[in-house]
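Notes follow once the structure below has been shown.
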Amino acid sequence: MEQLSLWREEYRIGVEAIDAQHMELFAKVEGLLQIAMTEGEENNRKECLELLRFLIDYTVHHFETEEAFQRAQGYVSYEEHIKIHRQFKNTVLLYQEKVEQEFSKETLKKFAGTLMTWLTVHVCGYDRKIAKNQPLPSRLSFENADELIGKVVEQILGETYRISIRNVKSSVYNGYIEGKVIVRNMINGDRRYVFLYGFSMDMARALYHKISGADIARINHMDAIERSALIEIGDILSSHVLGYIGQDNRTQFEWRGGELFMNEYSDPSVDIKNSVLLEFETDCGKLEVLYCAAGG
């Protein structure tokens, strides 16, 4: 796997102290990736745990800096931003527990892929709004699921990754997702929710390159870092959609870990017949999105 370069100058939000801390966070994630891609299990475990503990402490310090700045500026979405910070801290602590209990390269790579994806979305989609005092998207009520999903996809692809949507088509799911890489999220709340995201080969490669600065060398044999990064994209999209469906935040849902399928999706235990399938044509390939809510 080629060397990853995560920080980009376009990630600057214009607040010197916060930008410096963002650069440090991206550098620490690169450190985790370096450990994950080197030999020596016991040395890797020791280095990883030391870096992970530092990352947790530094993340708390960074969030305190961000939140203090928001309070001083009277940021309009302060409370919502705090919730997002709490969710992320929970994710880091969960992976720390996994690594401490049973260290493995697979777990480390999954964490690193998840972390670098979350950071790009948070910095580009949320933190950019702080200095300009722009509100985060409000949790509006959408009567039309197509409109809701379209808005979420536009926010993530457009605001975070600068991917323009050319056209959106709606159809009834006929048992086939065209994507080369298919990510599934299953979430239990007041009802059971199923999301499918079908990324064309071009879209999967473009997204991963925008996240990591690297290319997916072998799309049919992706590394755990590559797979977890794409799974996290699906998780973030699902989280945003559910955030609009009348719930306060994602912690009220029971999340089953995202799963990735290559070339085709099949699971007879999940009935998603007659669900709406949205097809987004972009300047970087195609994304298909299926959303289904079963009875509670």
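The values are calculated or read from the model by the stated rules, or taken from the named source; none is laboratory data. What you see is a predicted model, and the numbers here were worked out from it, not measured in a lab. Cβ coordinates were reconstructed from backbone atoms using ideal geometry, including for glycine residues, and neighbour counts include every protein chain displayed.
Some observations on this one:
- If the condition is being part of a helix (DSSP H, G or I) and without any contact (Cβ under 8 Å) to a residue 12 or more places away in the chain, then segment 99-125 contributes only Gln101.
- Test result for Val172, of a type in the set (A, V, I, L, M, F, W, C) and at pLDDT below 80: no
- Within segment 97-107, considering residues that are out of contact with any Leu (no Cβ under 7 Å at 6 or more places or on another chain) and of a type outside the set (D, E, K, R), the one surrounded by the most Cβ atoms within 10 Å (Cβ to Cβ): Thr107
- Condition met for Glu80 (surrounded by 13 or more Cβ atoms within 10 Å (Cβ to Cβ), outside the structural domain of Ala206 (by TED's automatic domain parsing), at pLDDT below 80 and more than 17 Å from the chain's Cα centre (by Cα)): yes
- The residue that is farthest from Met201 (Cα to Cα), counting only those in segment 153-183 that are touching a Gly at 6+ places or on another chain (Cβ under 6 Å) and assigned to a loop (DSSP other than H, G, I, E, B), is Ile177.
Residue-wise test of (1) of a type in the set (Lys, Arg); (2) at pLDDT below 80; (3) not assigned by TED's automatic domain parsing to the domain that holds Ile211.
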{"residue": "Lys89", "(1), (2), (3)": "yes, yes, yes"}
{"residue": "Leu94", "(1), (2), (3)": "no, yes, yes"}
{"residue": "Glu100", "(1), (2), (3)": "no, yes, yes"}
{"residue": "Lys105", "(1), (2), (3)": "yes, yes, yes"}
{"residue": "Lys109", "(1), (2), (3)": "yes, no, yes"}
{"residue": "Thr117", "(1), (2), (3)": "no, no, yes"}
{"residue": "Thr120", "(1), (2), (3)": "no, no, yes"}
